[in-house]
Structure formats: C-alpha cells, structure tokens
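Below is one structure, written out as structure tokens, with a few remarks after it.
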2 protein chains.
Amino acid sequence: MDIEISEVGPRDGLQSIDTIMPTADKKTWIAAQAAAGVSEIEVGSFVPAKVLPQLADTAELVEYARTLPGLTVAVLVPNLRGAQDAIRAGAHKMSIPLSISETHSLKNVKRSHEQMLEEIARIIELLKDIPVATRPKFEVGLSTAFGCTIEGPIAEAKVISIAEKVVALGVDEVGLSDTTGYGNPAQLKRLAQGIWDNCGRDKLNGVHLHNTRGQGLANALAAVDIGLTTIDSSLGGIGGCPAAPGASGNIVTEDLAFMLEAMGLKTGIDLNKLLAVREQVQRMLPNEEMYGFTSAAGLPKGFRQAG
Amino acid sequence: MDIEISEVGPRDGLQSIDTIMPTADKKTWIAAQAAAGVSEIEVGSFVPAKVLPQLADTAELVEYARTLPGLTVAVLVPNLRGAQDAIRAGAHKMSIPLSISETHSLKNVKRSHEQMLEEIARIIELLKDIPVATRPKFEVGLSTAFGCTIEGPIAEAKVISIAEKVVALGVDEVGLSDTTGYGNPAQLKRLAQGIWDNCGRDKLNGVHLHNTRGQGLANALAAVDIGLTTIDSSLGGIGGCPAAPGASGNIVTEDLAFMLEAMGLKTGIDLNKLLAVREQVQRMLPNEEMYGFTSAAGLPKGFRQAG
C-alpha cells in the first residue's frame, strides 16, 4: 500500500449530523468499507453521550471492528477519561485534538495549551504501564494548524513549536488538521517539512483536510507529493460544511481514492466496491446529503485499477 | 504575473446553457472581470449562429473587449471560416480544438485527424499573409487528451504524436484539454513533459481542465507544479456538467484564483473583486446554477493577498 486512506465518516461525519445512525447500521457500514479495502476506520469518539449522543456506541463499535481482519480501528479521545475508555475497548489507535489556536481551544474544550499538554502527559503516563504491542498508538491532531476562524492566520512557527512540545512528551505521532478549510498546498508542504525538520521524519505521516473552499483534493495531492502517507477522508463527505453549501466537511473518500488510484498509487481500495458502499450508506441516511463527484460521473470508461 | 487564469465562461460556460445572455450583459461581465484583474478572456466562438445561437455576438464582443486595457481577447474557432472571422474581428488569440480521439472527432465535428490537420494547415497559410504583430496567436487545443467517453483510455504516445504534427505545421502552441474530466495529476505531468520533450518547451503552456470527478484543482496544482503557466477556468463553473450533478464543467475561477493566491502565486486578480463579479453574473443568470465553494465560505479570516 502506498497511501492509507483513513475513513473518518463514522466519527467526524456522524458527529456533524443530527440523525443518530443505529449501531447495527454503523457495523454494516464499517464492515462493508473494510471489505472494500479501507484499512483504517475511525469508528467513533469517547466523548460523553450527552455531548454527542450520535457516538454513544463507540465502545461497542471498537469491539466489533476489531473482529474485522486487517482493519486498524481508530477513535478520537478528547481527554484522559476518553483515553481510558479507548484502551479498555481495545482501539488500535487514538487521537486527541489540540488546537493550535488557543482561543479556539479555550472556546471549544475550555482548556488552555498548558492544560492540554498536561492532559496529554497524563495519557502518556497511563500508556507507560501497558505493553507497547497491546496499547493503542497515540496521536495528537494539531487542529486549526492552517488558520482559525477566530484568530485568523496561525503562525507556522507556532504549529511547529507545539508539535515539538507534544513529541517531547512522548506521543507516537502528530497529525496536521485543516479544521477550517483555510489550507493551501504550499502551506501544507512548509508545515510538514517544518515538523519533520524539528520533530523527526517519523513523527508526522498524516493529514486531516476539509473541503470548505474546494481545496481538499489539491491539498491531498500536496500531501502525497511531499511524502505523507495517511489521509483522512469521509465517505460521501458526510457531515457537510455549514459554512459552504455543497462543500463536504472532510474530503470525500471516493474522489480521493479515485485520484490516488488513477495516479497509480495503491490504496488497497476496490473503487467499485467503495462506490457501492456509498450507495448502501446513502440508503441508511436518506435525509442526509452526500457529496463528491466520482460517484455520479462514474469511473472513466475503460478505467482499470493497477490492482 | 506567475500564473495566467484564462476565463472561458463567456464561451465554454455560455455555450453549455440554454439561456442566451444579452450582449450588453456579456460586455458588463467581461469588463467587470477584466477590471478584477483577469488578463485573458475567451469571449466567444466563431461557429454558425444556428449551431450556437448563444454565441452569435462573438464578433461584437471581440471588438468591445479589445477596448479593455491589458486584456488578451481569445476566441474559439472550429475551422478555417471561423479563423477568418477571428482575424477580421481582431482577436488576440484563437484556438481550434482537435480531438485526440478520432472517433470523438468524427462524431463531434465530422472530421478525421487528416482532415483536421489539413484545416489547421490552411489556417496557418492564411496567417502567413498577416504581420505577426497584428495576427492572432494560434493555438490547437488537444481535446480528449486524458481519455474519451467513447474510446476510453487514450495512449499518451498518441497525444504527443499529434502534438508533434500540429507543431510541425507551424502552430504557435498546443494546449492540453481534459474534455471528459478523466485526467489525474500524474498523467498531466507525464503528458506535459512528453510534449515538451518532443515539441519544444515553449510549445505547451496551458491546460483546460474539467471537474467532472472533482479532480479539477488537484490537476491545476499539478500543472502549476510542473511549470505550466496558463489555466483555463470558468466563473462560477457556469455550464456545469450534465454527467455529475454538482460538478462544474470547467474548474471554477474563484476557487482556482484563491488556491493560487493563497500559495503566494500572483495571478493579477483581486479576489474580493472577482467574488463580486460572480454575484453580478449570478444576478444576470438567475436560473443557472453556479458552482464552487470559496464564494459561499468567504475568504479566510485575516486573509491578505500578497499583492
């Protein structure tokens, strides 16, 4: 596999819509997408059910998804408590978001940078007692890394400096998140290179991109060009973007997978099966809009995946 | 200017919708977009009015657009007759499409490759009698270069071989057209490099991209990365794509200009003015859908163009 597409629809997509998908449907979705060759799926988030009732079944989903062969089961955790839940459930990977914009962090999770770093340190302490082979991989998602809707532009030096701090604490990896859809390809390459130069080449491999201004796939291309190997995306762009009608929130898995496979990069995904999963999930969410273009246009005539 | 955005909405956009825009409105659009800093506009096509009544006023538009300071006035010509009209009207640039898929060429313009090459040779003969300084620049658009909805995949060697033939005839430039939205960034770079290697570095500078599978901006990024300097696009993606609901036909000028300017590449375009032109044109075409995301999301908070 050249590029790993990490499906975040069951977490980032479903947390953004009002419909609560039944657990059985979520399992069908996760199993179908794993069967289409998607090798990593973020199945939920360990947040209190009163905050996100859409994701209240995350523990059950982790347990189920672990039975699917070859699948990396990822979850989001907002804090130490969530990390404890993720470890207990047996997630293979857990990510905690840390907003580079401190204003956004205070508003969103009511924590300063110092408080977030302390929480991350506590999670790392917790992980130290577990054998590496059985503990989840722990990643910090650097959100608002490309700009903030409250603060505006975010200095690249600040992103790198915070990446250094969390890597020094001992996290396995950091990820770059364009939470606001402000990012551009040149900025993405500079940020990735800056983190590699200051934190080590192995400490950053993935990006989480939004399509708010239509730049999602161009940014994904920049990520691949510079050598990043994991790209988050959401089936049918589920969740959308309230700021831009017609824009998906996350980039659309089908369009991304088509781009990469057409370029000859192996994702492990069978495009025809993936397009069928989209239709299946659309039937489960009849009142939710799905995004992206490849599904409607179809694969090009005579298109063959390198296999 | 680092990258020239060539606006094709008044030609490619308007020929694809049923609404016939009044000539006065077209002039308003062209003048407003030129005032926003767009330096090249394809104002129409010299095809018979019975074929495309939407573009019957092309000669008048060329004459008008020539009065706008600094604007390169481009037109499409389907044949020798169209080229004669373009020369008479005083166009600065004229392009003739030649479909790399001969099946498509026969179906679309009822001409084989040999017949198309003869027509191009006749146009070049015609141009020889005119002083270079006053004649239009003459380009051949290599359409279906990335694949054909009838033939399927198109061999890259065939694109390069036809490019060589038309360059040998004496055209000023060729352009790469992804008529079908089949293209991917890796293919684009290979095709450009192949044409440069075989025809000369100065013979290919521009691409015409479609967004049928959502790949438009990623392909535009690949074009810029490899060193192409002219990219066609359409304001609001006017014209759409019948194959993919929600997809623009051409890539969307606003999203493209935002990407390039955000990357620090100079297009000469004032983004705020461009977004205002979009609103103005939408008011002129109240029943036509416009596409793209930057207009709805707005420019990022605190975003400043390098100027």
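Read-outs: derived from the displayed coordinates by stated rules, not from any lab. Given the structure is predicted, the values throughout are model-derived calculations rather than measurements. Virtual Cβ from ideal backbone geometry, glycine too; neighbours counted across all protein chains shown.
Does A:Gln84 satisfy the condition of being more than 27 Å from B:Ala297 (Cβ to Cβ), out of contact with any helix residue (DSSP H, G or I) (no Cβ under 6 Å at 6 or more places or on another chain) and either touching a residue at least 24 places away in the same chain (Cβ under 8 Å) or basic (Lys, Arg) (or both)? Yes; evaluated as a whole, the condition is true for this residue.
Scanning the stretch B:295-307 for residues that are facing another protein chain (nearest Cβ under 10 Å) and at negative phi turns up B:Ser295, B:Ala296, B:Ala297, B:Leu299, B:Pro300, B:Lys301, B:Phe303, B:Arg304. The sole residue among A:Gly13, A:Gly37, A:Gly44, A:Gly70 that is in a loop (DSSP other than H, G, I, E, B) and buried (at least 18 other Cβ atoms within 10 Å of the Cβ) is A:Gly37. Filtering the stretch A:81-99 to residues that are assigned to a helix (DSSP H, G or I) and hydrophobic (A, V, I, L, M, F, W, C) leaves A:Ala83, A:Ala86, A:Ile87, A:Ala89. Look at B:Thr253 and say whether it is closer than 29 Å to A:Met290 by Cα, within 10 Å of chain A (Cβ to nearest Cβ) and of a type in the set (Val, Ile, Thr). So B:Thr253 fails the test. Within the set of pairs 6 or more residues apart or between chains, which connect a residue that is assigned to a helix (DSSP H, G or I) inside the stretch B:100-118 to a residue that is among the basic types (Lys, Arg) with Cβ atoms less than 9 Å apart? The qualifying pairs are B:Ser105/B:Arg111; B:His113/B:Lys165; B:Leu117/B:Lys165; B:Glu118/B:Arg111.
Any idea which of B:Ile226, B:Ile269 is surrounded by 24 or more Cβ atoms within 10 Å (Cβ to Cβ) and of a type in the set (A, V, I, L, M, F, W, C)? Walk me through it before giving the result.
Values: B:Ile226 fails: surrounded by 24 or more Cβ atoms within 10 Å (Cβ to Cβ).
Answer to the check: B:Ile269.
Based on this model, can you work out whether B:Gly175 counts as under 17 Å from the mean Cα position of the chain (by Cα), assigned to a loop (DSSP other than H, G, I, E, B) and not aliphatic (A, V, I, L, M)?
On the way: under 17 Å from the mean Cα position of the chain (by Cα): yes; assigned to a loop (DSSP other than H, G, I, E, B): no; not aliphatic (A, V, I, L, M): yes.
So B:Gly175 fails the test.
Cβ-Cβ distances below 6 Å connect the following pairs, each with a first residue in the stretch B:222-249 that is closer than 19 Å to A:Gln215 by Cβ and touching a residue at least 24 places away in the same chain (Cβ under 8 Å), a second residue that is among the basic types (Lys, Arg) and buried (at least 22 other Cβ atoms within 10 Å of the Cβ), and a separation of six or more residues or different chains: B:Leu235/B:Arg278; B:Gly236/B:Arg278.
Considering the stretch B:276-298, the residues that are over 20 Å from the mean Cα position of the chain (by Cα) and among the aliphatic types (A, V, I, L, M) include one that is surrounded by the most Cβ atoms within 10 Å (Cβ to Cβ), namely B:Ala297. Evaluation of B:Ser295 against the conditions (1) assigned to a helix (DSSP H, G or I); (2) of a type outside the set (A, V, I, L, M, F, W, C); (3) without any contact (Cβ under 8 Å) to a residue 40 or more places away in the chain shows that the sole unmet condition is (3). Just so you know, in the stretch A:162-206 the residues that are more than 14 Å from chain B (Cβ to nearest Cβ) and on the phi > 0 side of the Ramachandran plot include one that is surrounded by the fewest Cβ atoms within 10 Å (Cβ to Cβ), and it is A:Gly200.
Scanning the stretch A:133-161 for residues that are in a loop (DSSP other than H, G, I, E, B) and away from chain B (no Cβ under 14 Å) returns A:Ala133, A:Thr134, A:Arg135, A:Pro136.
Yes or no, residue by residue, for (1) more than 9 Å from chain A (Cβ to nearest Cβ); (2) among the hydrophobic types (A, V, I, L, M, F, W, C):
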| site | (1), (2) |
| --- | --- |
| B:Ile231 | yes, yes |
| B:Ser234 | yes, no |
| B:Ser248 | yes, no |
| B:Leu265 | no, yes |
| B:Asp270 | yes, no |
| B:Leu275 | yes, yes |
| B:Gln280 | yes, no |
| B:Phe293 | no, yes |
